Amino acid sequence: MTVSWIQHRFAGGVLALDTANTVVLRGDPDRGFDRFENTSEIARFAEAAGTFRAAELGGRRLEAAEPERIAPVVLDIRETTDRLFREAVLQGSFESSHLSDFLEACSRGVAAARGKIGGQTRPFGDPATALAFEAALAVSALSLLSGDVPRRLRICANCRWLFMDRSRNSSRLWCDMAVCGNRRKASRHYQRRKETREADHGER
Ligand SMILES: [Zn+2]
């Protein structure tokens, strides 16, 4: 079955976090799964990212015609990104060996770009041509190290996805209010009603 790459799956706020979030319920051996398990999904994800991440990419199209070939680099960037920044959110600092692994993975991604990337106004380069997906992923991941970005990273209180909190008072709890926020509210509501009912019936 193919994945529907809908807007919610791009709730990370940045291409590199959306990619990290292609592992669902990471660390949960019973319910967790990988949306890139079928590597052809990398190409479909890259196509959807061209739309949902158009602003970040400066309108540059992503090229992922050979998903099987690029999968090792993509997955390496994805996993080192998640490990490094999840830890940074939880502990407030980077583990140096994890940072080193991350930079190495990103270096391999950048090496796949042909021609020029970079520049202050267009970090992903000229939108007239397509950019290798793994190179774009690396540029996006590296941007997470800059400025005040690290202190805006969060872990969703419902689904554990990583996301960027751009709210003015930095108080977001959910990757996506419409999905995770409401799900949490609904389960709290259910729990309260259940407790009230149990109290009414003298049950424990
Ligand atoms: Zn969430």
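The values are calculated or read from the model by the stated rules, or taken from the named source; none is laboratory data. The model shown is predicted, which means the values in this text are computed figures rather than measured ones. Glycine gets a Cβ as well: all are built from the backbone with ideal geometry, and neighbour counts include every protein chain shown. Just the protein is used for accessible areas: all its heavy atoms, side chains included, with ligands, DNA and RNA removed. Shrake-Rupley method; radii C 1.70, N 1.55, O 1.52, S 1.80 Å.
Expressed as a whole percent, the accessible surface of the stretch 7-203 that belongs to carbon and sulfur atoms is 49, based on a 1.4 Å probe. The C-alpha radius of gyration of the chain, expressed as a fraction of 2.2 N^0.38 Å, stands at 1.14. The protection proxy used here, the mean number of other Cβ atoms lying within 10 Å of each residue, ranks peptides 123-132, 2-11, 42-51 as follows, highest first: 42-51, 123-132, 2-11. A 1.4 Å probe run over the protein chains yields, for the stretch 7-203, 54 Å² of accessible area per residue, whole-number rounding. Would you tally the net charge around A113, using a Cβ to Cβ cut-off of less than 14 Å, leaving A113 out, and scoring K and R as +1, D and E as -1? Summing Lys and Arg as +1 and Asp and Glu as -1 gives +3.
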